Amino acid sequence: MDKIINSKTGLKGTIKIPGDKSISHRAVMFGSLAKGDTEITGFLRGDDCMSTISCFKKLGIDIDVTDDKVIVHGKGLKGLSAPKETLDVGNSGTTIRLISGILSAQNFDSVLNGDASIQKRPMKRVITPLSLMGASIESTNDGYAPLTIHGSRLKAIEYTMPVASAQVKSAILLASLFAEGTTVINEPVASRDHTEIMLNYFGADIKNNKGVITSSPVDELYGRNLEVPGDISSAAFFMVAGLVVPDSHIIIENVGINPTRTGIIDALQAMGGYVKVLNERKSGGELVGDIEVKTSHLKATTLEGNIIPRMIDEIPVFAVAALCAEGTTYVKDASELKVKESNRIATMSTELGKMGVTITETDDGMIIEGNQKLKGSTVYSHLDHRVAMSCAIAALIAEGNTAITDADCVGISFPDFYDILENL
Ligand code: S3P
């Protein structure tokens, strides 16, 4: 599907965005490993999270998807059964990496595969620590999917994370639930901690002492009810739209504001953006709030160091904000962008380049001159949901119409993105 978007002024309204992708995946996975039922409200019905549901159904778990809930009938830590066919993770890096930690410890073998993008995403980062725990993972493709996992007995390890990655950390923590001994993970740069929060909520024993994370064995996890907050990574598109489109004022309700995810708020505020968090509250161990944004005069900034993992998925749309700021913005320490659903340094520079602006690619980020004028053009999503949505936000401030080709990939994380945009 192609999508045509033209320039706009005066985006006004109060919106709700879909559930958090990271939390939705985890709720299904941990609910499957828990004893008893887990009722999830606010679950993200995007393609990625539906891939997680389909994998756990193939592992013998009954999961009901009703109009307003997902109910996982968990079978306990030893309750999964051998899948009869390949587990297809679709486009979802979170599914393949986290499930690898679980499957490594089963008493059966399984095969994992996904789409063309998944087959290009590095899996050695999970194969290495899981193998140290005793896992047996074969990659026919030198470190890339498809993966064949032979279930094994695992032992605890002490591991220092070479890159800040919540997916790798979570794969190790999930394996640790089945391993003999206490697993220790040293995390020099913090990544999102939804796994630690939710596993503890289900009865695990995970502690974090200044970046040293320990997971001690427990006998069982127990099913819980969970309300998934809105995804700040999806909210980010409307935060940037509200700041850069003239005469706008948007309130985004019920957004997850876990401090490991709020780098985008900090960055936009540092640029002088009117971004306010209202009605802060807690739900299922996670912080939630409403976010208010108003059109603002933005100044350039530099993103580097610890803030990068706190906003890694938001950097494509952040680039659009930087194009409108006064001065030159630098994004450094962000080479992880190259191994996302697409190489987001390259794809964002290329596609925004087609709209008449220059973004200079660097080895670990980009340099973005501010005050650049965008012109409507035909751009390509590269089948990357966040590239498609970032281009859509850029199109709002471009002169003329923009056509986004293969625009329906937004269904991965935000199926009603274009409808919400039009309603504003
Ligand atoms: C995720 C972690 C991040 C993020 C991804 C979701 C998660 O990936 O980019 O969209 O749910 O754990 P990395 O672990 O590769 O940084």
### Message
Based on this model, can you work out whether Arg344 counts as at pLDDT 95 or above, open to solvent by 50 Å² or more (accessible area, probe 1.4 Å) and of a type outside the set (S, T, N, Q)?
### Response
no
### Summary
Here the residues within segment 75-94 that are within 24 Å of the chain's Cα centre (by Cα) and either among the hydrophobic types (A, V, I, L, M, F, W, C) or not in a loop (DSSP other than H, G, I, E, B) (or both) are Leu87, Asp88, Val89, Gly93, Thr94
### Summary
Those residues of segment 302-322 that are open to solvent by less than 10 Å² (accessible area, probe 1.4 Å), in contact (Cβ under 8 Å) with a residue 60 or more places away in the chain and in a helix (DSSP H, G or I) come to a total of 7
### Task
Select from segment 24-55 the residues that are within 16 Å of the ligand (Cβ to nearest atom), of a type outside the set (Gly, Ala, Ser) and farther than 28 Å from Leu396 by Cβ and list them in ascending order.
His25, Arg26, Val28, Met29, Phe30, Ile40, Phe43, Met50, Thr52, Ile53, Cys55
### Task
Go through (1) among the hydrophobic types (A, V, I, L, M, F, W, C); (2) farther than 23 Å from Gly36 by Cβ; (3) in contact (Cβ under 8 Å) with a residue 24 or more places away in the chain one by one and return the number of the condition Val277 breaks.
(3)
### Message
So Ala145 ticks every box in (1) farther than 26 Å from Glu220 by Cβ; (2) in contact (Cβ under 8 Å) with a residue 60 or more places away in the chain; (3) open to solvent by less than 10 Å² (accessible area, probe 1.4 Å) but one. Which box is left unticked?
### Response
(2)
### Task
Would you be able to say whether some residue in segment 190-199 is touching a residue at least 12 places away in the same chain (Cβ under 8 Å), more than 14 Å from the ligand (Cβ to nearest atom) and open to solvent by 40 Å² or more (accessible area, probe 1.4 Å)?
no
### Query
Any idea how many residues of segment 246-286 are β-branched (Val, Ile, Thr), more than 22 Å from the chain's Cα centre (by Cα) and within 20 Å of Thr301 (Cβ to Cβ)?
0
### In segment 219-256, residue farthest from Lys12 (Cα to Cα) [restricted to those that are open to solvent by 10 Å² or more (accessible area, probe 1.4 Å), more than 16 Å from the ligand (Cβ to nearest atom) and among the aliphatic types (A, V, I, L, M)]
Val244
### Task
State all residues of segment 350-394 that are closer than 22 Å to Ile308 by Cβ and open to solvent by 10 Å² or more (accessible area, probe 1.4 Å); if no residue qualifies, say none.
Thr350, Ile359, Thr360, Glu361, Thr362, Asp363, Asp364, Ile367, Glu369, Gly370, His382
#### Entry: Pairs, first β-branched (Val, Ile, Thr) in segment 165-177, second part of a helix (DSSP H, G or I) and near the ligand (Cβ under 9 Å from one of its atoms), C-beta under 7 Å, six or more apart
Val168/Arg97; Val168/Arg125
### Task
For segment 323-331, indicate whether the set of residues that are within 30 Å of Met123 (Cα to Cα), surrounded by fewer than 22 Cβ atoms within 10 Å (Cβ to Cβ) and either of a type in the set (Ser, Thr, Tyr) or over 15 Å from the mean Cα position of the chain (by Cα) (or both) is non-empty.
yes
### Query
Does at least one position in segment 389-411 carry a residue that is free of Cβ contacts under 8 Å to residues at least 24 places away in the same chain and in a helix (DSSP H, G or I)?
no
### Query
Taking Gly10, is it over 26 Å from Cys391 (Cα atoms), at pLDDT 95 or above and open to solvent by 20 Å² or more (accessible area, probe 1.4 Å)?
no
### Task
Could you tell me which of the residues Gly79, Gly134 is open to solvent by 10 Å² or more (accessible area, probe 1.4 Å) and under 18 Å from Ser32 (Cβ atoms)?
Gly79
### Query
Can you spot a residue in segment 107-117 that is open to solvent by less than 10 Å² (accessible area, probe 1.4 Å), under 28 Å from Asp384 (Cα atoms) and within 19 Å of the chain's Cα centre (by Cα)?
no
### Task
Considering only segment 262-289, state which residues are aliphatic (A, V, I, L, M) and loosely packed, with under 14 Cβ neighbours inside 10 Å.
Leu278
### Query
Which of (1) outside any loop (DSSP other than H, G, I, E, B); (2) open to solvent by less than 50 Å² (accessible area, probe 1.4 Å); (3) away from the ligand (no atom under 16 Å from the Cβ) is the odd one out, the single condition Ile127 does not satisfy?
(3)
### Query
Is segment 323-344 home to any residue that is more than 16 Å from the ligand (Cβ to nearest atom) and part of a helix (DSSP H, G or I)?
yes
### Task
Of all residues in segment 356-388, count the ones that are in contact with an Asp or Glu (Cβ under 7 Å, 6 or more places away or on another chain), without any contact (Cβ under 8 Å) to a residue 40 or more places away in the chain and not charged (D, E, K, R).
4
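The values are calculated or read from the model by the stated rules, or taken from the named source; none is laboratory data. Note that the coordinates shown come from a computational prediction; the quantities given were computed from them, not determined experimentally. A quick note on method: Cβ atoms are made from the backbone with ideal geometry, for glycine too, and the neighbour counts reach across all protein chains shown. SASA here: full protein model, heavy atoms, side chains in, ligands and nucleic acids out. Shrake-Rupley method; radii C 1.70, N 1.55, O 1.52, S 1.80 Å.
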